[in-house]
Amino acid sequence: MSTPHPLAGIYAASLTPLDADFSPDLESLPPYLAFLASRGCHGALLLGTTGEGPSFSPAEREAIFRAARTVREEHPGFRLLAGTGTPSLQETIDLTRAAFEAGFDGVVVLPPYYFRKASDEGLFAWFDQVIRKAVPEGGYLLGYHIPGTSGVGLSLDLLARLKEAHPQKFAGIKDSSHDAEHARALGERFGDDLLVLNGTDSFLGLALEAKAQGCITAPANLISPDLRAVWEAARRGKPFSSIQARVSAARHVLERYAPFPPILKALAARLYGWPRWPVRPPLMPVPPEVEERAARELDEAMTSQSNG
């Protein structure tokens, strides 16, 4: 990372604490973000996929934004990113404005995922409007590339056009394609000119070698110290294969229990003493026997790599 972007680093795709009635547990959010900060995270993405973002109303999202910013009373340098993309252009503009008004550093924006055959021309017009109407000077927008979930990918040509049109405000991409070749293609096409935050823990080292500048991942809720260690080693040109092996082992275990929010909430409670926060339907909590098996497999996988 010769010239790191201001948002370069390790981010957790944060869980969203909930009360028993499925309403946001706003009091628990700042302490949870402080926990992530204490474990090596440069920041957190609120209301992404792991944060169950599409399950919340605009009013609930704005309340979460306001609650999250109080983490800076204890960790003033902790960066906050918000998931603000919806199929509605105006709602996305309104949520993006709200995130920046709450003091967030950036937004991670899904493409409008209902019309899955939208052209690059249409997607450019949509993102162009969001950036022009909602991203202030000094603010950053990243496109959220997760085609396996959203059904709408962000092509390299689209990214290049958005970067040319908005060289500062369009920072780059959260790459959750889970595709090693795509991670390499981003590096080959853009080098350091586009901020790439990879979304797949097992590809972190590969992505960093391909000019990515960090990651935003779900397992960072549990394994951020190892992710930070890979990032630091890569920055210094030091070997990181043994740490990456632990990260990959953890990721491979957790992938067997996807979608991530239920298993991560269960393991955050089990391993770190957080409340057993529910997930919003249609997601469902994991049964005790599944939690037990996942915890055992995770421990065995990481211990095996540590001893190997």
- Task: Can you run down the residue pairs with Cβ atoms below 9 Å, 6 or more apart or on separate chains, where the first is in the stretch 238-257 and within 14 Å of LEU222 (Cβ to Cβ) and charged (D, E, K, R) and the partner is buried (at least 19 other Cβ atoms within 10 Å of the Cβ) and modelled with pLDDT under 95?
- Result: ARG246/ALA301; ARG246/MET302
- Task: Taking only the stretch 181-207 into account, find how many residues are over 12 Å from LEU227 (Cβ atoms), surrounded by fewer than 24 Cβ atoms within 10 Å (Cβ to Cβ) and in contact (Cβ under 8 Å) with a residue 40 or more places away in the chain.
- Result: 1
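Restricting the search to the stretch 166-222, which residues are under 12 Å from the mean Cα position of the chain (by Cα), outside any helix (DSSP H, G or I) and either within 21 Å of PHE124 (Cβ to Cβ) or hydrophobic (A, V, I, L, M, F, W, C) (or both)?
If the condition is that a residue be under 12 Å from the mean Cα position of the chain (by Cα), outside any helix (DSSP H, G or I) and either within 21 Å of PHE124 (Cβ to Cβ) or hydrophobic (A, V, I, L, M, F, W, C) (or both), then ILE173, LYS174, ASP175, SER176, VAL196, LEU197, CYS215, ILE216, ALA218 are the ones that fit.
Specify the residue that is surrounded by the most Cβ atoms within 10 Å (Cβ to Cβ); the eligible residues are those in the stretch 166-180 that are under 18 Å from ALA134 (Cα atoms) and of a type in the set (Gly, Ala, Ser). Walk me through it before giving the result.
In the first step, residues of the stretch 166-180 are kept if they are under 18 Å from ALA134 (Cα atoms); the result is 166-173.
Checking which are of a type in the set (Gly, Ala, Ser) leaves us with 171-172.
Details: ALA171: 27, GLY172: 25.
Filtering first and then ranking leaves ALA171.
The values are calculated or read from the model by the stated rules, or taken from the named source; none is laboratory data. All values reported here derive from a predicted model rather than from experimental measurement. Reconstructed Cβ throughout: ideal geometry from the backbone, glycine too, with neighbour counts over all protein chains shown.
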